[in-house]
Amino acid sequence: QVQFVESGGGLVQPGGSLRLSCAASGSIFRIYAMAWYRQAPGEQRELVAIVTNGGMINYADSVKGRFTISRDNAKNTVYLQMNSLKPEDTAVYYCNSRSMDYSWGQGTQVTVSS
């Protein structure tokens with residue numbers, strides 16, 4: 001089964017940027033829709049962005065215009081470029097298929113604070 005390893009998180013000031021990566025242990029070519037999720041302390045995990053093999057992309061309203069999702073099937077990697085970060089973006093970020101068919105990775109912590 002494919003496993004995911006997220007990386008690229010860290011501490012950043014409001015207005016800053018980060019680029020997250022999600023490396024899969026196997027091919028993601030057959031996974032039609034890949035997604036990024038996030039979970040803030042005391043909150044439920046929420047969907048952030050989706051990208052399909054056909055190039056369709058959707059974002060949560062809270063990140064539209066600031067985040068960009070992309071995928072590189074040749075590298076079995078999904079990315080999330082995050083710009084204009086806000087304190088409310090603070091969370092652990094995870095990737096998975098849109099239908100959450102796979103085990104969750106350890107995630108990568110993003111903290112936005114001055």
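The values are calculated or read from the model by the stated rules, or taken from the named source; none is laboratory data. The model shown is predicted, which means the values in this text are computed figures rather than measured ones. Here the Cβ is made from the backbone with ideal geometry for all residues, glycine too, and neighbour counts use every protein chain on show. Keep in mind that these areas ignore ligands, DNA and RNA; they rest on the heavy atoms of the full protein, side chains included. Shrake-Rupley method; radii C 1.70, N 1.55, O 1.52, S 1.80 Å.
All conditions in (1) under 13 Å from the mean Cα position of the chain (by Cα); (2) closer than 14 Å to D72 by Cβ hold for N53, with the sole exception of (1).
Among the residues of segment 27-50, what is the count of those that are assigned to a loop (DSSP other than H, G, I, E, B) and buried (at least 22 other Cβ atoms within 10 Å of the Cβ)?
Residues of segment 27-50 assigned to a loop (DSSP other than H, G, I, E, B): 27-32, 40-45.
Narrowing further to those that are buried (at least 22 other Cβ atoms within 10 Å of the Cβ): 28, 31.
Residues in segment 27-50 being assigned to a loop (DSSP other than H, G, I, E, B) and buried (at least 22 other Cβ atoms within 10 Å of the Cβ): 2 in total.
Of the residues that make up segment 4-22, is at least one hydrophobic (A, V, I, L, M, F, W, C), out of contact with any helix residue (DSSP H, G or I) (no Cβ under 7 Å at 6 or more places or on another chain) and in a loop (DSSP other than H, G, I, E, B)? Among the residues of segment 4-22, not one is hydrophobic (A, V, I, L, M, F, W, C), out of contact with any helix residue (DSSP H, G or I) (no Cβ under 7 Å at 6 or more places or on another chain) and in a loop (DSSP other than H, G, I, E, B), which makes the answer no.
Set side by side, the residues L20, L85, L11 differ, and just one is in contact with a Leu (Cβ under 6 Å, 6 or more places away or on another chain) and either farther than 19 Å from T108 by Cα or not polar (S, T, N, Q) (or both), which is L20.
The residues of segment 1-16 that are of a type in the set (S, T, N, Q) and open to solvent by 60 Å² or more (accessible area, probe 1.4 Å), listed by number, are Q1, Q3, Q13. Here R30 meets each of (1) at pLDDT below 95; (2) within 14 Å of V110 (Cα to Cα) with one exception, condition (2). Look at segment 51-72: where a residue is farther than 21 Å from T90 by Cα and a partner is open to solvent by 50 Å² or more (accessible area, probe 1.4 Å) and of a type outside the set (G, A, S), sitting 6+ places away or on another chain with Cβ atoms under 6 Å, you get V51/I57; T52/Y32; N53/Y32.
I need the strands (runs of 3 or more DSSP E) fully contained in segment 55-114, keeping only those with at least 3 residues that are open to solvent by less than 30 Å² (accessible area, probe 1.4 Å) and in contact with a strand residue (DSSP E or B) (Cβ under 9 Å, 6 or more places away or on another chain). Spell out the reasoning first.
On the way: elements: 57-59, 67-72, 77-82, 91-97, 108-112.
Answer list for segment 55-114: 77-82, 91-97, 108-112.
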